[in-house]
1. Going through region A:117-164 one residue at a time, which ones are within 14 Å of chain B (Cβ to nearest Cβ) and among the polar types (S, T, N, Q)?
2. Taking B:Ile171 as the residue in question, decide whether it is modelled with pLDDT under 75 and of a type in the set (A, V, I, L, M, F, W, C).
3. Could you tell me which residue of region A:49-62 is nearest to the other protein chains (Cβ to nearest Cβ), considering only residues that are surrounded by 24 or more Cβ atoms within 10 Å (Cβ to Cβ) and in contact with a Phe, Trp or Tyr (Cβ under 9 Å, 6 or more places away or on another chain)?
4. Pick from B:Val246, B:Val276, B:Val287, B:Val297: which is in the same structural domain as B:Asp376 (by TED's automatic domain parsing), of a type outside the set (Ser, Thr, Tyr) and either surrounded by 23 or more Cβ atoms within 10 Å (Cβ to Cβ) or farther than 28 Å from B:Tyr196 by Cα (or both)?
5. Give region A:80-89 a look and list any residue that's in a helix (DSSP H, G or I) and at the interface with chain B (Cβ under 9 Å from one of its Cβ atoms), or say none.
6. Restricting attention to region A:15-33, which residues are within 14 Å of another protein chain (Cβ to nearest Cβ) and in contact with a Lys or Arg (Cβ under 8 Å, 6 or more places away or on another chain)?
7. Of the residues that make up region A:56-79, is at least one in contact with a Pro (Cβ under 6 Å, 6 or more places away or on another chain), at pLDDT below 95 and not hydrophobic (A, V, I, L, M, F, W, C)?
8. Sort through A:Gly46, A:Gly41 and tell me the only one that's in contact with a Ser or Thr (Cβ under 9 Å, 6 or more places away or on another chain) and either at pLDDT 90 or above or surrounded by 18 or more Cβ atoms within 10 Å (Cβ to Cβ) (or both).
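The values are calculated or read from the model by the stated rules, or taken from the named source; none is laboratory data. Source: prediction; values computed, not measured. As a convention, Cβ positions derive from the backbone with ideal geometry for all residues, glycine included, and neighbour counts pool all protein chains shown.
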Amino acid sequence: MSRQPIIEIRELTKIYKGAEEPAVNSISLDIFPNEIFGLLGPNGAGKTTTISILCGLFPATKGSVMIDGIDSHTNLEKIKQIIGVVPQDIALYPTLTGRENLTFFGNMYGIYGSELRDRINHYLSEFGLEKHANKVVGKYSGGMKRRVNLIAGLLHGPKILFLDEPTVGIDVQSRLVILEYLKEINKKGVTIVYTSHYMEEAENLCNRVAIIDRGNIIALGNPKELLEGKPEFKNLENIFIHLTGKDMRD
Amino acid sequence: MLFIMPAVLILISSMMQEFAWGSLAKDSSIPVLFVDNDHDSLGTKVKSGFSGSDAFQIIDSLDHKPLTTVMAKNAVKKGDYLIAIVVPKGATATMRANVRLSVAKVLAGFGMGNPMLVNGISFRDSINVTIFFDPTVKKAFKNAVISSVRENYYRIQTEWVFQNFNQEIAIQMPMYKPPKEAFKEILKFREEYPTYREVELIPNSSQHNVPAWTIFAMFFIVIPLTQSLIQEREGGSLFRLLTMPVSYMTLVMAKVGVYLVVCLTQTAAMLVAGIVLLPLFGLPMLVIGDEIPALFVMTLMVSMAAVGYGLMVGTVFKTHQQAAAFGSISVIILAAIGGLWVPIYLMPASMRALSLLSPMNWAITGYYSIFLRGGDLWQVAPQAIKLLLFFLSTVIITAVYHKYKRPVNS
């Protein structure tokens, strides 16, 4: 693994207007090429805010982000061309068919014609959606929607893929397909930054994880490394509970 | 729905307005109870005056019985009829006596007749023609009925004054030969509608209604547009779109483009309804005229203003409920103050001033300029420019609000 990070985050801080505490509190982090990096944390920990800043959705209050050597302050448009984003919500148009949705998002990346058609057909086939391509997304099952949601972030062949809880609320089979595909594209060189509530999933999928709580990184490393020398913790979830507490979060 | 409902709206509102103007078929006229206790000239003239109008249908008996004052009053009280007119007993005799006395007093001033005799006599008390109105009758309609009764009264009175002068002068001056025609109305009214064209355009309900309701429907684009914007924001599509290598303004302008096409198509459908559909229901056909460039530019500007307004509302308001409530009610308010329902010249001064701020007022002024005055591009330019500036303002507000207040889900 190269030691030159593909994502460099330095003292990143986000304070929302009117908020008493920062959503993200001066975090610094390096993510390396070809990693599957998990950003874990309870609700309201700052995961989505961090990913949103990395994707250029809104600016940080303080700090800097470099993606593939490009400063997000100065050349956000270039960064947007090399990243793919799979939002937590099903970010699709429910009245359009799966194919129409993918065609629209492909066009937004500047891909048209037969090239786009080929790519859409390829991904529909990979995710077992060929038969349903011409049905409106509103009639899809949760798992089918999640799969199309993922394809929309992959169409332009991104170098880095950000996924915000990509497997939430879906059946085991769909989850399996998605996770297997993520491993496959990672092998082909795509760096994956991923948030999840599912600790077991993260433990199996990620090379490294950062546990984030109240805007701070409270643990960072390989899941196995985090468990080393701590026989009282059987798995990542035990560490997670230990670090973030048992109090429920809003 | 965006195309059919506005066409239905145009059809119904045109029919209603045409009816209100009294130019539809007789079967749509309003029944008026008429009690003639006078049985003389005034009663007959008032009755024939109303009978001659397409807007009213005179009824002088109920259940095969001649109408009495009590019957008429009860019928209106029960809400069976809107209006009842009662001409009192002796009304003509009183009027005639007063006219004769007036003439005699005037002639006495010239030394004709016996001044000593007439100076001692006073005028009889006024007579009351009673009109019973249903409480639901609108003021404007009430005024029209009263004015119609009054018009007949003055016409009779004038004729009698002349007749009496002639008679009295003939008595005093045997050489005097009264003219065969005692009185002729010399003041007549000719309607003209000056326009920019050589051929006069006659205003009718279609020329008024089609542009007015077209504007109204165009601004209702605010509902689907705000729904689309909020759904995109809430559903996460905007989140995804903003992570793509396109600017927010590109996305906004793409949306403007799509909804402009909807608005323009909607307008075309409504104009076609004015030309084809309205005549099928006995209504006047909409005449578009030959100022097509002016019509196109005006329609484009109104569409842009409507779409811009929808963009702004959809960006500023957070939820579907807020946007739908504000959007629909604000469109109705803008239509009301803009003069789409009640002409501006009928509004009080403060409302007239307010109306000048409504984009719908600029729109209707521009359209009337084309449809009723035959105005060209030059004549509609002031309104078109105002609408363009309104559109630009809404886009700027949208962009600024998005940048500082609503960056996606923050």
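1. A:Asn149
2. Values: modelled with pLDDT under 75: yes; of a type in the set (A, V, I, L, M, F, W, C): yes.
Against the criterion (modelled with pLDDT under 75 and of a type in the set (A, V, I, L, M, F, W, C)), B:Ile171 qualifies.
3. Pass one, region A:49-62, residues surrounded by 24 or more Cβ atoms within 10 Å (Cβ to Cβ): A:50, A:52, A:54-55.
Adding the requirement that they be in contact with a Phe, Trp or Tyr (Cβ under 9 Å, 6 or more places away or on another chain) leaves A:52, A:54-55.
Details: A:Ser52: 7, A:Leu54: 10, A:Cys55: 4 Å.
Result: A:Cys55.
4. Details: B:Val276 fails: either surrounded by 23 or more Cβ atoms within 10 Å (Cβ to Cβ) or farther than 28 Å from B:Tyr196 by Cα (or both); B:Val287 fails: either surrounded by 23 or more Cβ atoms within 10 Å (Cβ to Cβ) or farther than 28 Å from B:Tyr196 by Cα (or both); B:Val297 fails: either surrounded by 23 or more Cβ atoms within 10 Å (Cβ to Cβ) or farther than 28 Å from B:Tyr196 by Cα (or both).
Criteria check complete, one pass: B:Val246.
5. Of region A:80-89, the ones in a helix (DSSP H, G or I) are A:80-82.
Within region A:80-89, A:Lys80, A:Gln81 qualify.
6. In the first step, residues of region A:15-33 are kept if they are within 14 Å of another protein chain (Cβ to nearest Cβ); the result is A:15-19, A:22-24.
Matches in region A:15-33: A:Pro22, A:Ala23, A:Val24.
7. Of all residues in region A:56-79, those in contact with a Pro (Cβ under 6 Å, 6 or more places away or on another chain) come to A:58, A:77.
Okay, now just the ones that are also at pLDDT below 95, so A:58, A:77.
If we keep only those that are not hydrophobic (A, V, I, L, M, F, W, C) too, we end up with A:77.
Checked region A:56-79: at least one residue is in contact with a Pro (Cβ under 6 Å, 6 or more places away or on another chain), at pLDDT below 95 and not hydrophobic (A, V, I, L, M, F, W, C).
8. Values: A:Gly46 fails: in contact with a Ser or Thr (Cβ under 9 Å, 6 or more places away or on another chain).
Among A:Gly46, A:Gly41, only A:Gly41 is in contact with a Ser or Thr (Cβ under 9 Å, 6 or more places away or on another chain) and either at pLDDT 90 or above or surrounded by 18 or more Cβ atoms within 10 Å (Cβ to Cβ) (or both).
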